[in-house]
Amino acid sequence: MYHNPVMVKEVLNMLNVLNKRNGLFVDCTVGAGGHGGAILANLGERGRYIGIDQDNEILAVAKSSINDERAMFYFANFTGLKDVLEECGYTKADGILFDLGVSMYQLKNHTRGFSFESTQRLDMRMDTNGKELSAWDVVNCLSEEEIVRILRDFGQETRAKLIGRLILQRRKDNPINTCLELSELIVKAYGGRWTKRHPATKSFQAIRIYVNRELEVLQEALDSALGVLNTGGRLCVISYHSLEDRIVKHSLRQKNMDGQIALLTKKPLCADENEVRENPSARSAKLRGGQKI
Ligand SMILES: C[S@@+](CC[C@H](N)C(=O)[O-])C[C@H]1O[C@@H](n2cnc3c(N)ncnc32)[C@H](O)[C@@H]1O
């Protein structure tokens, strides 16, 4: 398995797949297709699934592992959800899923420059076709102030200033080319000591969010998702860090106050102990949802 999908049972329940077996479900973050496969396994003959991802490589993995006539796959940013639906001949869906962030496939695939152990060039672009700005550009071309701001705003990194200074000192002599070079520098800012999480975790998260504009596109996509849901249709979002979760929480609350959706979760659902034991990346997952009124 390339990626263990999180909270599959909860997602299927929240999407209400079993009561809409001939409905249309859109998976905005198909990844390696774990949730997609589970949705399709519960759909009827006339049910349809559209899987979207902005990473062509992982989309190819999902396509070949799912291989189902009821499924369609689209290489796109999920902000283009409405256009994708139209291209597939639809205007409305019965359920829409966002499982945010990156997949294990991307993190473990060292050629993509996401992982702090990788000796490959810093990259972190999910969409390598259109996007020009990579993690290498962030680290080697932006000003110290800008780097510090990114580490603080998108990684809540308390040592952002020190890391920013070390990056600037180091790149005066030579560019910082690989993921490992950057993570070793961050380890230095932590005096070589850490307990649970690797010290580079927050900075890598921050740079990835900046490179892929993850927070900006999320707000836009949640708004457009509501526009293409049928009445009674369900919107489900899994987030993995507090910055994402805050946007999802506020957006669903606002739509609820505007009378557009009923909240399906007052508090987010989290993975149970067993799941976390088997799949540690489920630890930070938070599932929220709403039903269009
Ligand atoms: C956590 S993984 C999804 C895993 C998937 N649910 C599974 O079961 O295998 C997130 C996926 O969303 C994709 N992604 C993230 N942001 C995106 C965006 N703005 N538009 C389209 N795809 C996006 C990533 O490329 C990645 O493949």
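Taking a straight Cα-Cα cut-off under 20 Å and skipping sequence neighbours fewer than 8 places away in the same chain, the lysines within cross-link reach of LYS196 are LYS108, LYS188. Taking label positions 7 Å along the Cα-Cβ direction at both GLU145 and THR128, the computed distance is 3.5 nm, reported to one decimal.
Among 281-293, 96-108, 222-234, 253-265, the peptide with the highest mean count of other Cβ atoms within 10 Å heads the list, and the full ranking is 96-108, 281-293, 222-234, 253-265.
Exposure proxy for TRP194, TRP136: other Cβ atoms within 10 Å of each Cβ, ordered fewest to most, give TRP194, TRP136. Mind checking the angle between helix 56-66 and the chain's longest principal axis? C-alpha axes, 0 to 90 degrees, to the nearest 10. Computed tilt is about 40 degrees.
Inter-label distance, LYS172 to GLN254: 4.4 nm, where each label sits 7 Å from its Cα along the C-beta direction.
The relative contact order of the chain, computed from alpha carbon pairs under 8 Å that lie at least 6 residues apart in sequence, is 19 percent. Secondary structure note: in the chain, about 40% of the DSSP beta bridges are antiparallel. List residues of the stretch 268-286, by number, whose backbone nitrogen lies under 18 Å from a label position 7 Å along Cα→C-beta of MET104. It comes to 271-286, nothing else. Distance between the C-alpha centres of the stretch 137-168 and the stretch 211-255: 27 Å, rounded to the whole angstrom.
Using the Cβ-Cβ distance between ASN22 and THR91 with R0 set to 22 Å, the FRET efficiency works out to roughly 0.85. With a Förster radius of 35 Å, plug the Cβ-Cβ distance of GLN120 and GLN219 into 1/(1 + (r/R0)^6) and report the FRET value to the nearest 0.05. Efficiency at R0 = 35 Å is approximately 0.65.
Taken together, the values in this text are just the output of simple stated rules run on the coordinates, not laboratory data. The structure presented is a predicted model; accordingly, all values stated were derived computationally and were not measured. Every residue, glycine as well, gets a Cβ built from its backbone with ideal geometry; the counts of neighbours run over all protein chains shown.
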